[in-house]
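First up is the structure itself, then whatever we jot down about it.
The values are calculated or read from the model by the stated rules, or taken from the named source; none is laboratory data. Here the structure is a predicted model, which is why all the values come from computation and not from measurement. Note that we place each Cβ from the backbone using ideal geometry, even for glycine, and neighbour counts take in every protein chain shown. Ligands, DNA and RNA are excluded from the accessible area calculation, which covers all protein heavy atoms including side chains. Shrake-Rupley method; radii C 1.70, N 1.55, O 1.52, S 1.80 Å.
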Amino acid sequence: MGMEYGKNDILTVTIEDIGNGGEGIGKVNGYTLFVKDAVIGDTVKCKITKAKKNYAYARLEKIVKPSEIRVEPICKYHRQCGGCQIQAMEYGAQLVFKQNKIRNHLIRLGGFDGAFVDRIMEPVVGMEDGSHSCFHYRNKAQFPVGTDKQGNPVTGFYAGRTHDIIANTDCALGTPENREILECILGYMREYHIPAYEEKTGQGLVRHILIRKGFTSGEIMVCLVLNGTGKKGFLPEQEILVERLSKIAGMTSVSVNVNTARTNVIMGRETHTVWGKDTISDTIHVVDTEDFKRTGRGITFYISPASFYQVNPVQTEKLYSLALEYAGLSGKENVWDIYCGIGTISLFMAGAAKHVYGVEEVPQAVADAKRNARNNGIENAEFFVGKAEEVLPEKYAKEGIRADVIVVDPPRKGCERAVLDTMLKMQPDKIVYVSCDSATLARDLRVLCDGGYAVERIRGVDQFGHTVHVETICCLSRIK
């Protein structure tokens, strides 16, 4: 065993690897250091913040010799903010990191053989022109609101692993309009002495500001999350704020959401539109569909403040094109879309399948899905509110509806075990698994493969440039 080091020791280390959270990893005399903001190939001076017997966490103090893949970050807050963990890494290297992250999870957590993984894994789908378009790609942002030391309202993002707000109205990943909207709201709060929410006391009014933009439609939605309601509505002098927001180009919907719970969940259950429409629309084109080849039309979605919608529309088109390609539909199949949300994947599948059934627990999302089907003239898609593990067996037993293909796009925690068991019982020919966390994907794939399925293809899609997150899509087929 090498030497042991302690807190506040300053060491020079060359970074040789990168962790799942984007932190640089290097060794000094056999002692492992995890250094946030250091990039593979950097030689850095770092200060130990937390020492254990065989390893330590350290803070980057100085870059002695920069890596060849290091770039100058666009955002001056990138080190403090928890959002962009790998903005200092050249874009091509970010894609290599994401490819390796998926591969490592499949081998270490899924127990798949390395040579097998290399055979079935396709290269990660990056954003076009890595330098420019991988900024300002997010169509949605949620900004916490707080108070600075001078008592002024501020908004921005939480510093990594804390609830301290870094005041920044101009995030490099968001749309350019965000800044104007946030400054309009902060100006109004200052002028009318409207207090920001305080987590510690549960006092104050404005908790979060949610902004969404339809990239195709140009429509903008603003939702203010409030800690309760006032005497004459929701906000003091509300009409003044609404009038100012309504003048911003593209503004379509202004709403308030009431959340009085002492929790870190952002949205409450109750949303009220105070100006404009209840929803904004956006259109996704999946070029591989027959419908698109015939009409050139995409599918238009109506999005309400609480509905889930992919945050990177350009990459979403690539992701859904892959989902369709992996499903390999001929027009004869019954497709089940589990965790279907507002029906995004379902409605694309509908153009190439006999019938699509979507299942989702959130009633509002199912209402949106039904409306999206209606508005796009899609008649072969049905949606059910409920848990997949309850809805699927019931439809199978009572109505004899079997699944030829199951598409699943679960939240970060992966599929509930009961959902995996239900999928195995239904015995579809194919399962297309879309995942936003390759660790839970690897775990679930192991269950499906032990239950009689084989992984045929797997591919990462970079939906979240400059962050450590990556979307993964996987195709499994039943071993006959």
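Name every residue in the range 209-219 that is touching a Gly at 6+ places or on another chain (Cβ under 9 Å), open to solvent by less than 10 Å² (accessible area, probe 1.4 Å) and farther than 12 Å from Tyr302 by Cα, in order of residue number. Please lay out each step first, then the result.
Filtering the range 209-219 for residues touching a Gly at 6+ places or on another chain (Cβ under 9 Å) gives 211, 213-214, 216-219.
With the extra rule that they be open to solvent by less than 10 Å² (accessible area, probe 1.4 Å), the set shrinks to 211, 214.
Residue satisfying the conditions is Ile211 alone.
Return yes or no: is Phe384 of a type outside the set (Gly, Ala, Ser) and within 30 Å of Cys134 (Cβ to Cβ)?
Judged against the criteria, Phe384 is not a match.
Of everything in the range 72-98, what is open to solvent by less than 80 Å² (accessible area, probe 1.4 Å) and farther than 21 Å from Ile166 by Cβ? Give them in sequence order.
Initially, the range 72-98 is screened for residues open to solvent by less than 80 Å² (accessible area, probe 1.4 Å), giving 73, 75, 77-78, 81-95, 97-98.
Within the range 72-98, Glu90, Tyr91, Gly92, Ala93, Gln94, Leu95, Phe97, Lys98 meet the criteria.
Table: residues versus (1) open to solvent by 10 Å² or more (accessible area, probe 1.4 Å); (2) within 28 Å of Arg207 (Cα to Cα).
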{"position": "Thr252", "(1), (2)": "yes, yes"}
{"position": "Thr263", "(1), (2)": "yes, yes"}
{"position": "Met267", "(1), (2)": "yes, yes"}
{"position": "Arg297", "(1), (2)": "yes, no"}
{"position": "Glu317", "(1), (2)": "yes, no"}
{"position": "Tyr326", "(1), (2)": "no, no"}
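Is it the case that some residue within the range 56-76 is in a loop (DSSP other than H, G, I, E, B), under 29 Å from Met3 (Cβ atoms) and at pLDDT below 95?
Taking the range 56-76 first, the residues in a loop (DSSP other than H, G, I, E, B) are 66-69, 71-76.
After this cut, where a residue has to be under 29 Å from Met3 (Cβ atoms) as well, the list is 66-67.
Subset that is at pLDDT below 95: none.
No, the range 56-76 contains no residue that is in a loop (DSSP other than H, G, I, E, B), under 29 Å from Met3 (Cβ atoms) and at pLDDT below 95.
Just to be sure I understand the filter: pairs with C-beta atoms under 6 Å, separated by 6 or more residues or on different chains, first member in the range 305-320 and within 16 Å of Val366 (Cα to Cα), second member in a loop (DSSP other than H, G, I, E, B). Which pairs pass?
From residues that are within 16 Å of Val366 (Cα to Cα), the pairs are Ala306/Met267; Ser307/Ile342; Phe308/Gly341.
Name the residues in the range 51-64 that are in contact (Cβ under 8 Å) with a residue 24 or more places away in the chain, more than 30 Å from the chain's Cα centre (by Cα) and open to solvent by 90 Å² or more (accessible area, probe 1.4 Å), would you?
Across the range 51-64, the qualifying residue is only Lys53.
Pick from Ala373, Ala418, Ala367: which is open to solvent by 50 Å² or more (accessible area, probe 1.4 Å), hydrophobic (A, V, I, L, M, F, W, C) and in a helix (DSSP H, G or I)?
Details: Ala373 fails: open to solvent by 50 Å² or more (accessible area, probe 1.4 Å); Ala418 fails: open to solvent by 50 Å² or more (accessible area, probe 1.4 Å).
Of the residues listed, the single one that is open to solvent by 50 Å² or more (accessible area, probe 1.4 Å), hydrophobic (A, V, I, L, M, F, W, C) and in a helix (DSSP H, G or I) is Ala367.
Could you check how many residues of the range 454-473 are assigned to a strand (DSSP E or B) and without any contact (Cβ under 8 Å) to a residue 60 or more places away in the chain?
First, pick out the residues of the range 454-473 that are assigned to a strand (DSSP E or B): 454-461, 471-473.
Now drop any that are not without any contact (Cβ under 8 Å) to a residue 60 or more places away in the chain, which leaves 454.
Total meeting the criteria: 1.
Write out, first by first residue and then by second, each pair whose Cβ atoms fall under 6 Å of each other, whose residues are 6+ apart or on separate chains, and whose first residue, in the range 190-206, is free of Cβ contacts under 8 Å to residues at least 60 places away in the same chain while the second is open to solvent by 20 Å² or more (accessible area, probe 1.4 Å) and of a type in the set (D, E, K, R).
If the second residue must be open to solvent by 20 Å² or more (accessible area, probe 1.4 Å) and of a type in the set (D, E, K, R), the pairs left are Tyr192/Glu237; Gly204/Glu198.
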